[in-house]
Amino acid sequence: MQRQDLLHAANEFGTPLYVYDAAELDAALSRVKTAFGDARIFYAMKANPNLNLLRRFAAAGVGFECVSSGELARAEHLGLAGERVLVNGPAKSDEEYAAGARLGATFIVDRAEEVGLLPPRSRSLVRVNPAMQISTHDHLATGSKASKFGVTLEQAPRVLQALADAGHDALGLHVHIGSAIRDANDFTAAFGRLSELRAQTGPLRVLDTGGGWGLGADLGGIAERARATAAVFGAELWVEPGRYLVAQAGTLLTRVVGTKHTGRHFCLVDAGMTELIRPMMYGAAHPVEALWEREDQATEPILWDIAGPACESGDLLARDVALPAPERGDLLALGEAGAYGASMSSTYLTRSRPAEVLYEGGGWQVIRRKENPADIWRVEE
Ligand SMILES: Cc1ncc(COP(=O)(O)O)c(C=O)c1O
């Protein structure tokens with residue numbers, strides 16, 4: 001997508017706006033397929049559950065990792081079932097067990113107690129928490145000792161055995177240590193700890209190493225280590241990328257509403273925490289690009305804080321961004337916004353969630369229309 005395509009989209013569909021580049025979606029999937037060879041891929045749909053993106057991945061043979069009855073309903077709506085669907089989550093509801101059973105999905109068991117809660121004869125994996133230091137934001141670290149996820153390394157063989165004893169189809173182990181992890185050594189360490197279980201578990205049919213690959217991570221290196229770990233167990237490798245498949249394809253377009261100079265220089269825009277909460281929630285840094293060029297713009301760029309319209313001090317999209325002086329109506333593009341952007345957007349302040357559009361072959365398709373206030377209060381009347 002070129003700059004003029006982004007300008008066109010903002011003018012045509014309004015802002016704030018999520019735009020996705022189909023070519024980049026396809027490229028990311030093909031990078032994963034190349035790196036992981038014949039591993040089975042389950043897209044973690046929490047990253048972006050838009051039906052149009054799901055259809056695209058499903059058509060390419062990808063399955064889905066689901067963590068709520070709503071996500072399972074999306075899989076069912078698209079006709080995916082059986083071995084193409086994983087049911088995950090640390091506190092599954094009766095409704096989620098029932099939906100998983102109806103779809104014939106594979107369950108990821110997060111605690112010993114679940115052995116007795118699963119539908120009869122469930123295909124299942126045991127999620128292991130390797131309890132390590134993970135090089136990511138605390139809220140994104142799921143393989144750390146303090147995290148609520150998984151069973152301990154010590155418990156894992158017993159839970160696996162208990163599943164088999166209870167008549168379930170215990171396929172193997174699952175590990176997902178967190179999100180947006182750039183240091184491949186974290187994966188090496190986690191997979192290493194898992195391998196130590198081989199003596200107790202014996203060979204397994206499946207090893208699922210989750211996702212969590214940061215955009216700058218050494219994908220080939222992670223894949224090599226995941227494959228080697230699966231080989232230790234004689235297992236088929238499954239993976240669950242979310243962010244890696246969709247982040248780069250997505251851009252959030254937002255218009256400058258005005259500027260203000262107090263202790264800091266603020267560039268006020270029409271998107272904020274309700275459209276993209278990652279900067280506020282995880283301290284995430286999204287690349288910011290100014291889409292304006294003015295011939296008379298001679299002033300040196302200064303550092304701006306990009307602030308949203310919500311009545312919340314934390315409603316900032318970025319800090320200290322060098323920009324030429326913005327003017328009302330100018331456009332900014334926030335990159336790497338395809339994952340956990342639209343999917344985490346909210347209607348706080350009765351703000352309508354933005355439209356989403358897909359760019360493919362030079363044309364645009366609206367894949368989610370902008371909400372209006374009545375869409376939001378419809379279920380209250
Ligand atoms: C179990 C599991 N698998 C896969 C993912 C996807 O992670 P990412 O989007 O970082 O690849 C998550 C994300 O939270 C997860 O919890």
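The values are calculated or read from the model by the stated rules, or taken from the named source; none is laboratory data. In this text the structure is predicted, and so the values were computed from the model without any measurement. Methodologically, a virtual Cβ is constructed for each residue, glycine included, from the backbone with ideal geometry; neighbour enumeration extends over all protein chains shown.
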Original post:
Looking only at residues in the range 213-225 that are assigned to a helix (DSSP H, G or I) and buried (at least 18 other Cβ atoms within 10 Å of the Cβ), which one is farthest from the ligand (Cβ to nearest atom)?
Top reply: R225
Original post:
Which ones in the range 25-42 are within 16 Å of the ligand (Cβ to nearest atom) and touching a residue at least 12 places away in the same chain (Cβ under 8 Å)?
Top reply: L25, A28, L29, R31, V32, A35, F36, A39, R40, I41, F42
Original post:
Does Q161 count as more than 20 Å from G211 (Cα to Cα) and surrounded by fewer than 21 Cβ atoms within 10 Å (Cβ to Cβ)?
Top reply: yes
**OP:** Report whether or not A228 is more than 15 Å from the ligand (Cβ to nearest atom), among the hydrophobic types (A, V, I, L, M, F, W, C) and surrounded by fewer than 24 Cβ atoms within 10 Å (Cβ to Cβ).
**Re:** yes
**OP:** Can you tell me which residue among D270, D208 is acidic (D, E), within 30 Å of C311 (Cβ to Cβ) and either surrounded by fewer than 22 Cβ atoms within 10 Å (Cβ to Cβ) or over 15 Å from the mean Cα position of the chain (by Cα) (or both)?
**Re:** D270
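Quick grid of which residues meet (1) in the same structural domain as F42 (by TED's automatic domain parsing); (2) out of contact with any helix residue (DSSP H, G or I) (no Cβ under 9 Å at 6 or more places or on another chain); (3) crowded, with 21+ Cβ neighbours inside 10 Å:
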residue: E96; (1), (2), (3): yes, no, yes
residue: G100; (1), (2), (3): yes, no, yes
residue: G104; (1), (2), (3): yes, no, no
residue: F107; (1), (2), (3): yes, no, yes
residue: R121; (1), (2), (3): yes, yes, no
residue: I134; (1), (2), (3): yes, no, yes
residue: H137; (1), (2), (3): yes, no, no
residue: A180; (1), (2), (3): yes, no, yes
**OP:** Mind listing just one residue for me: the one in the range 349-381 that is on the phi > 0 side of the Ramachandran plot and not in a loop (DSSP other than H, G, I, E, B) and, of those, surrounded by the fewest Cβ atoms within 10 Å (Cβ to Cβ)?
**Re:** T350
Subject >> Candidates P241, P309 - the one that is under 30 Å from E196 (Cβ atoms), in a loop (DSSP other than H, G, I, E, B) and not aliphatic (A, V, I, L, M) >> reply: P241
**OP:** Run down E295, E312 and say which single residue is among the charged types (D, E, K, R), more than 16 Å from the ligand (Cβ to nearest atom), more than 30 Å from P49 (Cβ to Cβ) and not assigned by TED's automatic domain parsing to the domain that holds A28.
**Re:** E295
Original post:
Counting just the residues of the range 43-67 that are under 20 Å from G250 (Cα atoms) and within 10 Å of the ligand (Cβ to nearest atom), which one comes out farthest from the chain's Cα centre (by Cα)?
Top reply: Y43
Original post:
So is S346 under 21 Å from the mean Cα position of the chain (by Cα) and either free of Cβ contacts under 8 Å to residues at least 24 places away in the same chain or exposed (fewer than 15 other Cβ atoms within 10 Å of the Cβ) (or both) or not?
Top reply: yes
